[in-house]
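Chemist: There's a structure below that I have some questions on.
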Amino acid sequence: MSTAALVGLNCCVAAITLAGLAYFGRVRMPRPPVGRYERADVAVVFAVVVAAPLLYLELPRAAVAVVFGLVLCAALQFTLAPVTGGGRAWAVALASVAATAGCAFADRSLAVMVFTDVLLATAVVGVANMWAQSGMRSAHAAWFAGALACYDLVATGLTSVMDRFAVQVMGLPFAPLLAVTRGDPPVALGLGDLLLLVLFPLVALKAFGRVAGLLAAGIGVAVSGAVSLLFALGALTGAFPLLTALGPLIVVQHVLWVRARGAERTVAEWRTGAPRAAAALAPRDPDPALLKALDPADARGLRTALPEDSWLAVLDGLVVGGGPSPGLARRDAVRRGGTAVPVVVSRRRVSSADEHPENQPDQDQRVEHHGGPERAAGHASAQKTASEPQPVPGQAGRHEHDEQQEGPLRP
């Protein structure tokens, strides 16, 4: 292979990666209505990546060119739309696709290769930014990279699937290859390789900060350069599964950054410039004052009145209701005359705390509750001491007969 062509390919990879980072920092893409990313979404994308080459091998070359032309036109439009506006983006996308097709009909092979490379690079930058800005997490990218590493080993290293696919699309307009030459073998990089090289630095930047993003970009370019060096030295002569080398490095980076930072930043935290994820800054144990507010003083009486798997409604340190579920416990509190929304705590936690008083709020102990930290913190500030009586609102002044009708829950 030509050393100059290999150097040119890696320069293109570095330029596209930097373009993706620049776009990520300057352009805000509208969030598509896809909801929240889950592992199932990653599995679907992986299935499409696996099935696409097998499908294209069965299609005529002209049909493959048409399909990729439509895909690149749409990708170019949504990449340019936040910068130029929707109408102008469509005009540029249609004109670019038409120019590439015209060069193909005129048998201008060099122009076709240049136009296709530009369209492909722009589409990769747009797709990677759309995934990263719409909520793809570093964990999702790591799962995706690990799966692609295994697939690339099979499709490129152990079978001839990718070799046959490269022969099928080489020379076509809109081919999914970042090609520098079309010799035998060609100096080119596959669409999946390029997408992952651009995607993970963006996801790492969002999740862990600028250092993580730049480090991921540097590692990706370094892996591409190392493989090119092996080709230049003659150690490699055929197709090489780049993702088999890059995928494990992405997984390792994700694991190390999660251990160092504790958690990933969300898209909202990244947009506001938060240096670390709020989940990583949150204390492991609740505030002792909150624990004390959630600890009813009459735990022994409640043990005989309610089953072990029931729930208690607690307000300002007072037990105001109970039931077999959090919702029924709140409803019971309202029926007994409560007006404010109580915190709901598991009766099992109360029993355990009463049986082991040495593990009370000053020890490392967690309480399972429903109602949210804002609600609980508000009630904790107005708590009463455990030595005070625990009356149930709505029962003051009632006759014994009325109390019996209200149920067995009595402090």
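Chemist: Leaving out ligands and nucleic acids, note down the accessible area per residue over segment 40-120 with a 1.4 angstrom probe, in whole Å².
Modeler: 54 Å²
Chemist: Another one. Students sometimes get this wrong: rank I16, I219 by accessible area, probe 1.4 Å, all chains present, largest first.
Modeler: I219, I16
Chemist: Need one value: the accessible area of S325 in square angstrom, 1.4 angstrom probe, rounded to the nearest 10.
Modeler: 40 Å²
Chemist: Please compute the Kirkwood hydrodynamic radius over segment 131-202, one decimal place, Å, based on all pairs of different Cα atoms.
Modeler: 13.6 Å
Chemist: What's the magnitude of the charge dipole for segment 45-169 around its Cα centre, counting Lys and Arg as +1 and Asp and Glu as -1 at the beta-carbon? Answer in Debye, nearest 20.
Modeler: 240 debye
Chemist: Given a 1.4 Å probe and heavy atoms of the protein chains only, how would you sort D316, D152, D107, largest accessible area at the top?
Modeler: I get D107, D316, D152, largest accessible area first.
Chemist: Of the listed peptides 80-86, 193-199, what is their order by residue-averaged count of other C-beta atoms within 10 Å, with the highest listed first?
Modeler: 193-199, 80-86
Chemist: Sorting L205, L158, L242 by accessible area (1.4 Å probe), largest first, what list results?
Modeler: L158, L205, L242
Chemist: Here's something else I'd like to know. Might you work out the accessible area of T266 for me, using a 1.4 Å probe with all protein chains in place, and round it to the nearest 10 Å²?
Modeler: Surface accessible to solvent at T266 totals approximately 70 Å².
Chemist: Return one whole number: the accessible area per residue of segment 126-250 in Å², for a 1.4 Å probe.
Modeler: The answer is 36 Å² per residue.
The values are calculated or read from the model by the stated rules, or taken from the named source; none is laboratory data. Fair warning: this is a prediction, and the values are worked out from it, not measured in the lab. As a convention, Cβ positions derive from the backbone with ideal geometry for all residues, glycine included, and neighbour counts pool all protein chains shown. These area figures cover heavy atoms from the full protein model, side chains too; ligands, DNA and RNA do not enter into them. Shrake-Rupley method; radii C 1.70, N 1.55, O 1.52, S 1.80 Å.
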